[in-house]
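Notes for the one structure printed next.
Every number in this text was worked out from the coordinates using simple rules, so none of it is lab data. Source: prediction; values computed, not measured. All Cβ positions, even for glycine, are placed from backbone atoms using ideal geometry, and neighbour counts span all protein chains on display.
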Amino acid sequence: MTPRMKTDLLLAILLVICLSGAVGASRWLDHHDHDSANRFAEEQLYLSGRTARRLTLAFNGVAADWYWMRSLQYVGRKIVKFEDEHDGRFELNDLSSLDLRLLASLLDVTTTLDPQFIPAYEYGALILPEVSPDQAVVLLNKGIAANPNSSRLYQHLGYIYWQRKDYARASEVYAAGAKLPGAPAWMTAMAARMKAEGGSRAAAREMYQRLYESSDDASVKEMVQHHLMRLDSLDDRDEIKQRLNDYRAQFGRCPASWQEAAVVLRGTRLRIDTAGGAPVDPSGVPYRLVNGGCDVDLDESSKVAR
């Protein structure tokens, strides 16, 4: 047997051993998955990203996929548990209630094993700010360092700084991302808007609209839609309050019902329930008159976030 043949044989044997080990590990994990699910949810990871990268050798991509699936399962199990404990009610815009303390570690290992795994960075950019904004910034900076030409990662990092009300830093990040090849033209405009009116409702609406347009993830789009509905509802309530003030100035009291308020609601852009005359919120539920008819609020059955 020639030296080349011996080398090929050894490589083949090594490959068989690695694959056998992977199959065995997978079966062991499947067997213990149910019993260890709750314990795993609260334990720290045993392996750091660097250690996992050394141990998986040529199988880094496969291992990255495994940790990525673990990340999704981890969040999914938390949601299922929350819904079981709260009559099936969970809002994607309230992720802080899930206690996702392990998510940053799982995503760090995933992206260490595969530094070009863009979806993992984007997922962390949208979920982690509710857990730890600092960890979200670290993950995005790591992603930008490994993928310096990805304008989408700059967009997500700018979004995180905007969430933290650091509008100057958000403007800098958008301006830097706008200089990249193929970056969308609106990033330049967003950099200017962050500097001029970062805390405005109009800036928030554009921020969420851009996230919606750039994401292919259905859950992300759903979360963004909830935020946009809330902004639309805030605009509605501002207008309704102004109309209620007009009614009070005209009649010396607040309206006792929406039918009475109809005289000042005509000609507005508000959607009106034809049955009861009440303005309807973005989720299709009529608003409530409160404070003796002098103010307006969401109904308890509304799907608009408070």
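A few notes on this one:
- Relative contact order computed over segment 235-297 (Cα-Cα under 8 Å; 6+ residues apart), in percent: 34 percent
- Seen from every direction in turn and averaged, the convex hull around the alpha carbons of segment 235-297 projects onto 3.8 nm².
- Residues of segment 272-306 falling in the label zone of Gln259, defined by backbone nitrogen less than 12 Å from a point 7 Å along Cα to beta-carbon, are 275-278.
- Applied to segment 219-224, the Karplus parametrisation 6.51 cos²θ - 1.76 cosθ + 1.60 on θ = phi - 60° returns per-residue 3J(HN,Hα) values of 5, 5, 4, 5, 5, 5 Hz, with x for Gly and Pro.
- The packing ranking, built from the mean of other Cβ atoms within 10 Å per residue, places the peptides 294-302, 236-244 in the order 236-244, 294-302, highest first.
- Label-to-label distance, nm, for residues given as Ala249 and Arg101 (7 Å Cα→Cβ offset): 5.5 nm
- The stretch between Leu72 and Leu180 holds 35.8 nm of extra length on full extension. This uses 0.36 nm per residue minus the Cα-Cα distance.
- Rounded Å value of the spacing that divides the Cα centres of segment 119-174 and segment 256-306: 38 Å
- Amide H to amide H distances under 5 Å link Asp295 with Val290, where only residues 5 or more positions off or on other chains count and H is placed in the peptide plane.
- Working from Cα pairs under 8 Å separated by at least six residues, relative contact order for segment 44-224 is 16 percent.
- Spherically averaged projected area in nm², based on the convex hull that wraps the Cα atoms of segment 155-306: 11.0 nm²
- Taking a ≥ b ≥ c as the square roots of the eigenvalues of the alpha-carbon gyration tensor, segment 44-224 is classed oblate because a/c is 1.5 or more while a/b is no larger than b/c.
- Relative contact order of segment 159-306, defined on C-alpha pairs under 8 angstrom at six or more residues apart (%): 16 percent
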